1. Just to confirm, what accessible area per residue do you get for the range 126-178 at 1.4 Å probe, in whole Å²?
2. Using alpha carbon centroids, what distance separates the range 234-257 and the range 549-604, in Å?
3. Using the Kirkwood formula over every pair of different C-alpha atoms, what hydrodynamic radius in Å results for the range 105-169?
4. Using C-alpha positions alone, give me the convex hull volume of the range 164-262 per residue in cubic angstrom.
5. State the Cα centre-to-centre distance between the range 441-512 and the range 405-435 in whole Å.
6. Apply the Karplus parameterisation 6.51 cos²θ - 1.76 cosθ + 1.60, with θ equal to phi minus 60°, to every residue of the range 122-135 and state each ³J(HN,Hα) to the nearest whole Hz, in sequence, with x for glycine and proline.
7. If you roll a 1.4 Å probe over the range 564-608 with all protein chains in place, what percent of the accessible area is carbon or sulfur?
8. For a protection proxy built on the mean count of beta-carbon atoms within 10 angstrom, sort 217-223, 290-296 highest first, please.
Amino acid sequence: MYCANCQCWQHAPSGEWIRDGSQRAVNLMPGMGSQPASLYGALSHPLYNLLFLTVLAGLVAGVLFMFIASWWPTKSRDSKWSLWSGWGDGRLNVPGSVASFLRISFGIIWTFDGMFQLRPDLPGGFVSQVAQPSLQGAPSIVTQLINPLLNLWNTHPIRADVVSGWLQILIGITMIFLNSGRVLQLVLWLSVGWSAVIFVFGNGFGIFYNGASFVTGAPAAILIYGFVSIYLLGLARGAGWTKNPKTLPISVATFLFLGGFLQALPQEGYWGKSLAAMFEGMASANQPGVFSTVIQWASDLARAEPVFTNALFVTLVFASAVCLVIFKKRWAVWLAILVTLLGWWFGQDFGIFSATATDFNSGLPLILVLTAILRGYQADELANSQSGTQLLEAYKTTLAASSLVVACLFGTLLSAVLFFASLFGADSAAIATVDSSGYKYLSPTNAPAFTLTNFDHRIVSLSSIEGSPILLTFLNPLCPGECQTLTREMLTAAKQLGILGSKVKFVVIDVNPSATSVVDTSSYARRFGINRYKNWYVLSGQPGQLKKVWSNYSIQVAKSTDGTVRYTQVFYFIDSLGVESGILQDTANASYSGSYSTLIAQNLKQLL
């Protein structure tokens, strides 16, 4: 990282240079990030430690629930469960019905989505690889609404990810094993609310990113999840609109029409080279060769005949949408399934092959709803047809299943409590590890000696401050911009250390050849209140002295003709014996300042 008048420029993992604090323009489909898995996988250890804790607590709660429930009087137990878990109401559990199929199938994909959310790459990669690509091209009012939520995720990404994963697993398990009743209805409402959160927070309203179209899954898969939950709630309450046989076909047709309309817009670029480029990207993804080969054929066709290829896709999408509404025929449904499958395959890569994929994209949910239409059953067929014996058998099965639901509920609640409790403490260091190259341990080497002048006119040498851990960095004392972030990171780290902070020496060495006087360094010290602390040093000296120190610590300094100063940004961690312990680079990111402060404090504690 370099600082130009303390306008810091950070080296991105992909190899390009980006300005600190800016949103890097990336033409990625949400969830299909190009960052290497190892970058985000660094958080796998703390992620699975927390996940293990919540799973263990959930299993204990589930076993206790089953044990206690087994001791209740049978009559009282049956009446309570029929009220809360719906054993007396089979409306959503009629074998072969549309409702039963949708409830169980979407319960399964909700559960898988929760598991995808718990991939080791998601805590650190969700914001940059899923959420931010969804916001490309979004109006400022949308980004202003969503960015605070993204920042909230980044303060404690591991705990936020565990809560998100548990919520989806709870929704899925409940939909699979509870056929009706108040618990299921509450969870269905939870799924509607969570779908809305994902639509806004994770998908950026689903239509603003570059290239939003049918082939990318627009307007957003989560809309289908939310609609299915609303449909099931309507069925459970006997809503008249759910009995209309056109409800599902019209809903699917609307989704297809919107996706096809977006793909037909000239500004999305699919009439040019964008479609071929997308297919090429999907073909190069990590997936079985038989899948990528067919996509490569489609890419070659789109590159040779872009207008024809896009017109073919758009026509098929519109035709399938129209046929679904007009014709009550199985062939119309099969046509929609075929078109959806092609989009899911060619443009969405089945939604699961990226390390930061969070769901199956819109392809699978659409196919499931179309399959429900194909079955052709009404939601309330055969309702309440179970015999008394069947109800008893259902109760025995549901008791075990309800214990599983309780386990998921307890795991979700515990993870939520841990997340919200953490908001009152220091930011997690997790996102700092992902954003930069992270803390790197150095082989034990004596730190290069120096003798410079402090802001209070004292002569300070490295040997004179040994005996305590040292945090050493290089800054421009005249810095008016983002380089102030680095100072605040040090101040916040000292605050987090509490009484231990007084045992650490914080050293800033001047890198501005034109601002080397005590007046410059003392002004900097007063600006940040550093002059009040005896363990803080802002050092400068003659140009020759400074150049020698810069060289010894591998600090590159360059001053341009317009007066801007560029220099390497790094924190050195030196132990009490004057031995270099480690370094931390590329931390001048105001969005993650709190996370970097925590990372600094944690590594300083190891030296105390």
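The values are calculated or read from the model by the stated rules, or taken from the named source; none is laboratory data. Everything numeric in this text was worked out from a predicted model, so none of it was measured. Note that each Cβ is placed from the backbone with ideal geometry, even for glycine, and that neighbours are counted across all protein chains shown. Accessible surface areas use protein heavy atoms only, side chains included; no ligands, DNA or RNA. Shrake-Rupley method; radii C 1.70, N 1.55, O 1.52, S 1.80 Å.
1. In whole numbers, the range 126-178 has 30 Å² accessible per residue.
2. Cα centres, the range 234-257 to the range 549-604: 59 Å.
3. 12.6 Å
4. 102 Å³
5. One Cα centre to the other: 33 Å.
6. 6, x, x, x, 4, 5, 6, 9, 10, 6, 5, x, 5, 9
7. C and S atoms contribute 44 percent here.
8. Values: 217-223: 26.4, 290-296: 15.0.
Sorting 217-223, 290-296 by mean packing, highest first, produces 217-223, 290-296.
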